[in-house]
Amino acid sequence: MQLPLQLIESFNLWLGRQVAWLYLAAVAATFYEVLARYLFNAPTTWAFEITIFLCATGYLLSGPSVTARDQHIAITSLVEIASPRVRWWMRLLSLVVGLFAMAGMAYAAWFSGIHALRIWERTGTAYNAPTPALIKPMIAVAGILVLLQLGTQLVRHVQALSLIHISEPTRPRLVSRMPSSA
């Protein structure tokens, strides 16, 4: 059971490192556009759309890696004041909600992505790139990868309950530091 979980997590972490290079390519395309436009007065028709495509791809395909590293933006104020037992249940709830949300997103994006591929959907701009035909299916792929990662984390989370005993810590009593009025 651990090998499939490790493979999913390893792939997602590897993918995150690879798509980071897409942002460097987006910087290069943007730099070229700036040079062409302002130095040579010859703007491109493709640089903006390529940059959008590269950044969208990087954003979508880095989601599974961010999920694997548990580095999504989170509001942790409630988690930090909760007891370990409550934290465990909060984490379980967030994983289950995440699974349902990603399953719904992947399911909905699948049909849109297949349709975009089937008609080879294009942007309709001067460059008329097939960006939608590539990005829309990628939304479903990214959703499936995040779904697999959340499933991996859910299995590990439930396994962790059987390995450790979550006990309520004793909390120190607050002592009033107000001076007495004697």
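Per residue, the chain exposes an accessible area of 69 Å² to a 1.4 Å probe, with every protein chain left in place. With both labels modelled 7 Å from their Cα along Cα-to-Cβ, the V158 to E80 distance reads 3.2 nm. Given the options I75, I135, I144, state which has the largest fluctuation in a GNM of the chain using a 10 Å cut-off (strictly under) for Cα springs. Largest GNM mean-square fluctuation: I75. Here log10 I(q)/I(0) by the Debye sum over Cα atoms at q = 0.10 Å⁻¹ was computed from the coordinates, and among (1) -0.47; (2) -0.37; (3) -0.59 the match is (3). In a shell of Cβ-Cβ distance under 12 Å around A116, excluding A116 itself, what net charge do Lys and Arg (+1) and Asp and Glu (-1) give? Overall, the nearby charge balance is +2.
Determine, from the Cβ-Cβ distance of L117 and F11 and an R0 of 30 Å, the FRET efficiency 1/(1 + (r/R0)^6), rounded to the nearest 0.05. Efficiency, rounded to the nearest 0.05: 0.85. The share of accessible area on the chain that comes from carbon and sulfur is 70 percent, using a 1.4 angstrom probe. Averaged over residues, the count of other Cβ atoms within 10 Å places the peptides 145-151, 92-98 in the sequence 145-151, 92-98, highest first. At an R0 of 41 angstrom, the distance between the Cβ atoms of V96 and R37 translates into a FRET efficiency of 0.25.
The values are calculated or read from the model by the stated rules, or taken from the named source; none is laboratory data. If you're wondering where the values come from, they're calculated on a predicted model, not measured in any experiment. So basically every Cβ, Gly included, is an ideal-geometry build from the backbone, and we count neighbours across all protein chains shown. Side chains included, ligands, DNA and RNA excluded: accessible areas come from the protein's heavy atoms. Shrake-Rupley method; radii C 1.70, N 1.55, O 1.52, S 1.80 Å.
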